[in-house]
Amino acid sequence: MGNSGISIFLKNMNYILIFCFCLLPISLFAQHHYTISGTISDARTGEALCGAVIADTAYRFMAYSNNYGFYSLSIPQRESRHTLSISYVGYAEKRIRNRTHADTILNITLEPRSDTLQSITITSNRTSLQPIGRLYIPMQQINDAPTLGGESDLLKTYTTMPGVSSGVESTTGLLVRGGDTDQNLICLDDAIVYNTAHANGFVSVFNSQAIKSATLIKGGFPARYGGRLSSVLDVVMKEGNRERLSGEFALGTVSSRGIIEGPLWRKKGSFMVSGRISSTALQRLPQRIAFDAGKRSSYDNFSFYDLNVKTNYEFNPQQKLFISFYHGFDNRINQQQEGSNVRYDSHEVKWGNITTTLRYTDSRRKNTFSKYVVYYTKYAYQIGRDGFLNTYVPDSVLSDFSQHSRSTVEDISAQYAVDYMPSNRYYWRMGVELTQHRYTPAQQQGYFRTYEDGISNDTMYNSQSKLSAIEAAVYIENEFRPNNNWNISSGLRYSGFVPQSKYYQTR
């Protein structure tokens with residue numbers, strides 16, 4: 001970063017410290033209370049439920065569970081008996097009568113609703129203040145949405161929402177309120193995904209079988225997100241069934257997919273493995289066999305696959321470890337030949353993503369949820385051509401060649417984040433991030449070989465250009481609810497970008 005870059009970064013840290021000290025005394029005026037905290041999860045699978053609502057029915061105090069199912073609800077000390085209402089979309093509401101005078105850890109499970117059609121009562125809940133510009137669609141609704149080819153798709157479903165479009169019909173591009181596709185920050189278990197499309201945009205890289213939840217933020221970005229202008233899509237993978245081993249497989253016209261999940265370490269953890277592969281490889285298998293047998297002069301195919309793996313381990317109810325992995329790959333190939341060894345020409349285009357995330361969460365301290373994250377993400381694009389020519393004419397020129405070009409983007413990032421809930425009125429989030437970017441704009445590799453009059457002439461080349469940069473950021477944000485009708489969000493983010501030893505700052 002250099003001495004000048006460090007001094008500028010530290011100098012601007014003063015603004016963040018002033019902001020913290022100006023807002024922190026506000027939370028000290030909260031009345032004396034005790035705290036009920038814990039996790040909210042699915043009773044059948046043990047999956048953490050993100051965005052579940054827990055409320056005190058008498059005083060209408062309310063809290064939401066975060067991406068890991070953690071919640072913290074404050075109750076006035078003068079009240080020892082109270083009734084808690086816990087609700088989540090697609091699950092039966094649960095009421096708990098509790099009597100306590102001290103801080104309590106309460107882990108809650110909810111039962112999914114049955115498929116039996118029942119009467120529905122629609123009521124207005126003035127306490128459910130949803131942030132402006134945030135869209136959340138339950139995965140069951142995404143799986144049930146009609147799509148071309150019968151392939152449920154996360155991104156295509158979001159393009160039906162107000163202010164969101166795909167630009168081109170039946171593609172997975174996200175254009176949010178006039179923005180472009182590269183202006184969206186898309187994260188899979190905290191790791192950035194740079195390419196979100198299979199088959200030139202016909203299918204997204206998100207296999208709905210492996211996804212637990214997804215939230216699209218198209219306005220009023222929280223300070224914990226940075227680096228994009230248009231929108232934020234936060235996608236969370238399933239953690240796996242902690243109660244029993246289960247699986248599901250499906251065959252489709254576009255792709256075939258399957259999932260296996262189950263408990264690990266005496267139900268102290270769980271795993272999930274999900275895969276998806278395009279159906280074109282099987283559909284074009286007869287052409288491939290005929291081409292290899294010399295009965296066809298050309299062969300063309302387009303295929304893709306996805307692999308999602310996630311596992312977790314619970315040291316205790318307050319300390320958990322998560323490991324996530326994703327790999328997606330596309331391959332477009334065109335081959336032509338004349339005879340078995342006369343002429344052969346192969347064009348191939350490949351691209352794909354790899355993400356790996358390691359996360360550790362800790363909620364042992366009162367009203368506090370902390371998270372440590374390390375992730376690696378990579379996007380690679382490669383185009384190549386291979387072939388040979390044999391004329392069978394004496395003293396003629398014979399040749400074979402190979403040409404490949406490759407571009408990559410790699411990130412290695414470490415993050416630390418804290419959620420602090422001193423009362424029901426305040427929700428603080430603070431964190432720091434450090435990311436190393438590595439870019440390879442162009443890597444050329446290949447050879448060209450000719451044979452003439454028994455003499456071999458070889459030309460080989462291997463060149464590449466690499467760039468690297470370091471990005472650091474620190475942020476603080478707060479959600480303040482002065483009453484049940486108002487929700488005030490504020491935040492500050494400061495980041496610095498250092499390419500080639502030159503420092504740039506943004507706020």
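Which value in Å does the Kirkwood hydrodynamic radius of the range 170-276 take, with 1/r averaged over all unlike C-alpha pairs and then inverted?
Numbers: mean 1/r = 0.0641 Å⁻¹.
By the Kirkwood definition, the hydrodynamic radius is 15.6 Å.
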Net charge dipole size for the chain [Lys, Arg +1 and Asp, Glu -1 on Cβ; Debye, nearest 20]: 2180
Under a Cβ-only charge scheme (Lys and Arg +1, Asp and Glu -1), can you give me the dipole magnitude of the range 250-333 about the Cα centre, in debye to the nearest 20? 160
Give, to the nearest whole percent, the P(r) tail of the range 269-356 beyond 20 angstrom, counting all Cα pairs. 55
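Among residues other than Ser370 whose Cβ falls under 15 Å from its Cβ, what is the net charge (Lys/Arg +1, Asp/Glu -1)? Before the final figure, lay out each step's value.
Values: positive: Arg224, Lys320, Arg359, Arg364, Arg365, Lys366, Lys371, Arg429; negative: Asp190, Asp362, Asp419, Glu433.
Result for the local shell: +4.
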How far is helix 2-27 tilted, in degrees, relative to the longest principal axis of the Cα atoms in the chain, given as a value from 0 to 90 rounded to the nearest 10? 30
Quick check on the range 31-110: what are the equivalent-ellipsoid semi-axes from the Cα gyration tensor, as sqrt(5λ), descending, whole Å? 22, 12, 11
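Could you compute how fast the range 331-483 diffuses translationally, taking Rh as the Kirkwood radius over C-alpha pairs and applying Stokes-Einstein at 10 °C with viscosity 1.306 mPa s? Give it in µm² per second. Display every interim value, and only then the final one.
Details: Rh = 20.6 Å.
Taking Rh from Cα pairs, D becomes 77 µm²/s.
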Given 438-448, 459-469, the highest-first ranking by average Cβ count within 10 Å works out to 438-448, 459-469
Go through Asn195, Gly227, Ser255 and say which Cα lies farthest out towards the positive end of the charge dipole of the chain; charges sit on Cβ, +1 for Lys and Arg, -1 for Asp and Glu. Gly227
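Any chance you could tell me what percent of the C-alpha pair distances in the range 338-392 go past 19 Å? Intermediate results must be reported in sequence, preceding the final value.
On the way: 942 of 1485 pairs.
The answer is 63 percent, as a whole percent.
Using the structure shown, select from Lys212/Lys371; Lys466/Lys502; Lys238/Lys371; Lys238/Lys268; Lys156/Lys310 the pairs with a Cα to Cα distance greater than 22 angstrom. Walk me through the intermediate numbers first.
On the way: Lys212/Lys371 19 Å; Lys466/Lys502 16 Å; Lys238/Lys371 18 Å; Lys238/Lys268 16 Å; Lys156/Lys310 24 Å.
From Lys212/Lys371; Lys466/Lys502; Lys238/Lys371; Lys238/Lys268; Lys156/Lys310, over 22 Å: Lys156/Lys310.
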Aspartates and glutamates within cross-link reach of Lys94: Cα-Cα under 15 Å, excluding same-chain residues under 8 positions apart? Asp42, Asp56, Glu111
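With viscosity set to 0.890 mPa s at 25 °C, what whole-number translational diffusion coefficient in µm²/s follows for the range 404-507 from Stokes-Einstein and a Kirkwood radius over Cα pairs?
Numbers: Rh = 18.3 Å.
So the translational diffusion coefficient is about 134 µm²/s.
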Count the net charge of all other residues whose Cβ sits under 9 Å from the Cβ of Thr408, scoring Lys and Arg as +1 and Asp and Glu as -1. +2
Two decimals is fine: what's Rg over Rh for the chain, C-alpha atoms, Kirkwood radius as Rh? 1.05
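What is the sum of charges, Lys and Arg at +1 and Asp and Glu at -1, for the other residues whose Cβ falls under 10 Å from the Cβ of Arg332? Mind dumping the intermediate values first?
Numbers: positive: Lys350; negative: Asp300, Asp330, Glu348.
My count for the surroundings of Arg332 gives -2.
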Relative contact order (percent) for the chain, with alpha-carbon contacts under 8 angstrom and 6 or more residues of separation? 10
Once every DSSP H run of n ≥ 4 in the chain is given -39500 (n - 2.57) and the sum is divided by its residues, what mean residue ellipticity at 222 nm do you get, rounded to the nearest 500 deg cm²/dmol? -3000 deg cm²/dmol
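Every number in this text was worked out from the coordinates using simple rules, so none of it is lab data. Being a predicted model, the structure only gives us computed values, none of them experimental. No Cβ is skipped: glycine too gets one built from the backbone with ideal geometry, and neighbour counts run over all protein chains shown.
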